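Student: Here it is, the structure in full.
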Amino acid sequence: MEIDDYFKIKTDDIYKEGWYSLNRPAHDLFFHYLRISPSYELARKASKGRLSTEEKKRLPKDFNKVQETYALLGDVQNTLFRYWWQKVGHEVFGVPHEYPTVDLICVLDGSAPRSRQIQNDVADYLKTKAAKAGNSPALIISIPLDSDIKDRMQWVKKYLMQYKNLRKSKKIKVKPKIELKGKRINQQALVRGWGLLRFKSAFPDMENWRLGAAANLSPSYSPVLKVLGPRKTTDSREAQDRVLMGKITHRSLKKYQFIAENAARGNFPSESKIEMAFFDYEEINRLYEKTKKWEEKELQKVKASSK
């Protein structure tokens, strides 16, 4: 299966009532970078009580942040992106949302002290329906029940007209638990970076220039370098291209390692320099191959059901 196939499963049809979220390709990439992050894998093991003594010694100093992210996003190895998005995506990357409606907050029938009853009912409304409706502006009015309905409706209309300008006021913004970094995200670069880390895990001893060429890191050098070419170069130009491609790859490996490790801390995409867990590429590849065997069967089911 080609690398790009893992980024072609559309999630536009995945909807969760009561939640609003944008299904952006970057969420899919976030998911796949978490799979490669060694810190996130350590958090998965820690959640199951399976950390070895040696692994406990090598935990990054801010491992608590990784565990906080894991508590929100959960296991990404034994699931498909669409399943993961349905289970945790909406509630982590989205916000509660319902269209504003006219609601009965409380009825003062004399069965309890009024101040306490009003306080409890309003607090409950603000925490639930108002929050899910984006805290839209609303009026709280008292309508006596022992009077003419037509007369009271005129007063309701009067108040609605009096405060109609509030409809244009700003709502209190409810932020998701995790927000993507930046409005413009270079999806193609992130896909290439993920591919580079995958090639590195599959071929940990391969020269950097070959890895970079295979991952199409450079529009200048990748097309002219033969990934499976002989070790000996044909001329000085090819030798120089290999050196330059090797340098680009070296920098890129570090860059995308940081992106994977920042993802484990809930920051994506971010190249911030942080303390990273050791990238054991052979172990990353072993875990990837294990997940892929299960995933390929599920992907075929998804594709068949979407036709």
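Readers should treat all values here as calculations from the given coordinates under stated rules, not as data from a laboratory. These numbers come from a predicted model, not from an experiment. Note that each Cβ is placed from the backbone with ideal geometry, even for glycine, and that neighbours are counted across all protein chains shown.
Student: Can you pick out the pairs among 181/255; 87/183; 45/65; 254/290; 247/290; 177/255 whose Cα atoms lie more than 21 Å from each other?
Tutor: 87/183; 254/290; 247/290; 177/255
Student: Among 77-90, 207-220, how do they line up from the highest to the lowest mean number of other beta-carbon atoms within 10 Å?
Tutor: Sorting 77-90, 207-220 by mean packing, highest first, produces 207-220, 77-90.
Student: Here's something else I'd like to know. Determine, from the Cβ-Cβ distance of residue 240 and residue 293 and an R0 of 41 Å, the FRET efficiency 1/(1 + (r/R0)^6), rounded to the nearest 0.05.
Tutor: Once rounded, the FRET efficiency stands at 0.50.
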